[in-house]
Each structure stands twice: as structure tokens, then as C-alpha cells.
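A short write-up of the structure that comes next.
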Ligand SMILES: [Zn+2]
């Protein structure tokens, strides 16, 4: 299944150089040349990023007035496809096992879906008796509240000031690559998760087969993505902030239509087996620090 990625044309926007979000390094090497923009690679830790980087204001405005309604139509048009992909990803991450472990605790499990869009996944989880909260900065949040009666917050994660240990499971699918400060984001997720709570992050995989093959023309090397993580750099960020990595899954060897079906079949199987898939999901768990 091919789903077009939401992307806006490159505009001359305010941007500024920032230290590496993973290691604080300030030396970068050219990495991917795209049409009209580029990604660099941190010389110290290898994290691929857009640097200098557009400011949050410029990024957020893409999802707001003017673009806003287009974005909601885009989300609704692709909703069924996105939901199917998310469900497959969750199954791969061992969601059933997580769910039964949490349901054994006798209290209703609480999930936060960050970047929940129209809330389709939260509706499914609500039907499975989860207490559901969402965060969504685009106008899709309004739709989720009005049409689905979901508790969806329109502010960026940190600005909601959720109490510590509020959730048993935090989901962030195709979100972390859009953030200016993924390190602060992971810290906040750690704070709001209960000890032993799960964090499932899904993001494009720059260590995958397609990224290596297509380079600057890789479908995830777009202007909306500020960071392009590898299994190694994302695992390092999670570990640095106190998470234990429980499972890594990647999937998608070749996009539909780029190769004969038999070649695609073999590439997809190899991608899954060797971690070369185009998208990755890392399942991690909040370790309890001695100081907590
Ligand atoms: Zn670095």
C-alpha cells in the first residue's frame, strides 16, 4: 500500500542552527541532498537532521489556518489506510501482550496517543476499554472531539502539563521526526508514564534499504521531517532518557510499484528479518531510576 506523505512546498522560512539533539555536538557533515534543502549528519553520534532548522512557529503554521482544512481532508481521505498500518505495527510490537499485562492490574489502562490525528486508533482502543487521551496540534483535533467525543488536546505535548505517571502506554506514530526537540519530548514522555509503562515510537528508518537506495529521493527525506533516525540513533536517545529497549521491528522493503512483485516480496521479507525495513517501531519501557 502506498500512502502519500503530507508535505508542503519549500518556503523561505526562519531557521537557525541548533546543537545535535542526541549528543549536543556542533559539527555536521553533508548527508542527503534533496531538492531545495538538505540533511546533515552529526559527526559525533551520526544522527541525521535538518540543521539549520525551521522554527516551531513556521512548522506549526503548516497544520493551521489556510493549510488546516486541506490537512483534515488529507487525514480523513487516508484514515482507513493509516489505521490499518498502525494496527499492523501494534500487532508486531506485541500489543496483545502489553494489553493483557496491563489489564491484570485491575485498574483501567490509560493510553496517550500523541499525534492522534482524527482519533481513529483511539476509538478502537476505547472499544477495548482503554481510558483514552490524545494530543493533536492540527485541526483534526477538533474533529476528534466533535465527531468522536474523544479527549484530544490541541497543545503540543509539553504544554498540557499532564501530571507525572499519568499513562500506562504512550504511542507516537510518525511524529518524532517532525519535532524540533525530540530529546525534550522523550523526557516528557518518561515523566508522564507510570513506572514500567510502555512507549511505542514509530518513525521512518534511515538505516533501511529504501533510504540507502534512494538517498535524497527517499520518500521520507522531506522538508517536514527534521530528524531521520536509524535504529541505532533512536535506541540511543531512548536509552539516554531512561527507557529500556524491549523490541525493534522494521517493515517495508520496497514501495509498491518500484519493483516486480517477486522482487518486492523477497525485499520485504529480508527487510523484516534483518532490520532494513523502511519504517521502524521501537517498543521501550520506563525503567525506574533509583532517584525516582
Ligand atoms: Zn550528535
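Residues checked against (1) within 10 Å of the ligand (Cβ to nearest atom); (2) over 20 Å from residue 230 (Cα atoms); (3) in contact with a helix residue (DSSP H, G or I) (Cβ under 6 Å, 6 or more places away or on another chain); (4) assigned to a loop (DSSP other than H, G, I, E, B):
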site: 18; (1), (2), (3), (4): no, no, no, yes
site: 21; (1), (2), (3), (4): yes, no, yes, yes
site: 24; (1), (2), (3), (4): yes, no, no, yes
site: 30; (1), (2), (3), (4): no, no, no, no
site: 33; (1), (2), (3), (4): no, no, yes, no
site: 38; (1), (2), (3), (4): no, no, no, no
site: 41; (1), (2), (3), (4): yes, no, no, no
site: 45; (1), (2), (3), (4): yes, no, no, yes
site: 60; (1), (2), (3), (4): no, yes, no, no
Exercise for the section: Only residues that are at positive phi and either buried (at least 17 other Cβ atoms within 10 Å of the Cβ) or in a loop (DSSP other than H, G, I, E, B) (or both): list them for region 212-266, please. Expected result: 242, 252, 257
Exercise for the section: Looking at (1) on the phi > 0 side of the Ramachandran plot; (2) away from the ligand (no atom under 16 Å from the Cβ); (3) at pLDDT 85 or above, find the lone condition where residue 66 falls short. Expected result: (3)
Practice task
Only residues in region 20-48 that are in contact (Cβ under 8 Å) with a residue 24 or more places away in the chain count as the first member; pair them with residues that are within 6 Å of the ligand (Cβ to nearest atom) and assigned to a strand (DSSP E or B), Cβ under 9 angstrom, at least 6 apart or cross-chain, and list the lot.
Solution key: 20/42; 21/42; 22/42; 23/42; 48/42
Exercise for the section: Within region 95-107, identify whether any single residue is more than 22 Å from residue 280 (Cβ to Cβ), touching a helix residue (DSSP H, G or I) at 6+ places or on another chain (Cβ under 7 Å) and more than 16 Å from the ligand (Cβ to nearest atom), and answer yes or no. Expected result: no
Exercise for the section: Would you be able to say whether some residue in region 198-205 is more than 23 Å from residue 251 (Cα to Cα), out of contact with any strand residue (DSSP E or B) (no Cβ under 6 Å at 6 or more places or on another chain) and at pLDDT 95 or above? Expected result: no
Exercise for the section: Considering (1) modelled with pLDDT under 95; (2) away from the ligand (no atom under 16 Å from the Cβ); (3) surrounded by 12 or more Cβ atoms within 10 Å (Cβ to Cβ), say which one residue 120 fails and leave the rest. Expected result: (1)
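The values are calculated or read from the model by the stated rules, or taken from the named source; none is laboratory data. It should be emphasised that the depicted structure is a prediction, and the values quoted were computed from it without experimental measurement. So basically every Cβ, Gly included, is an ideal-geometry build from the backbone, and we count neighbours across all protein chains shown.
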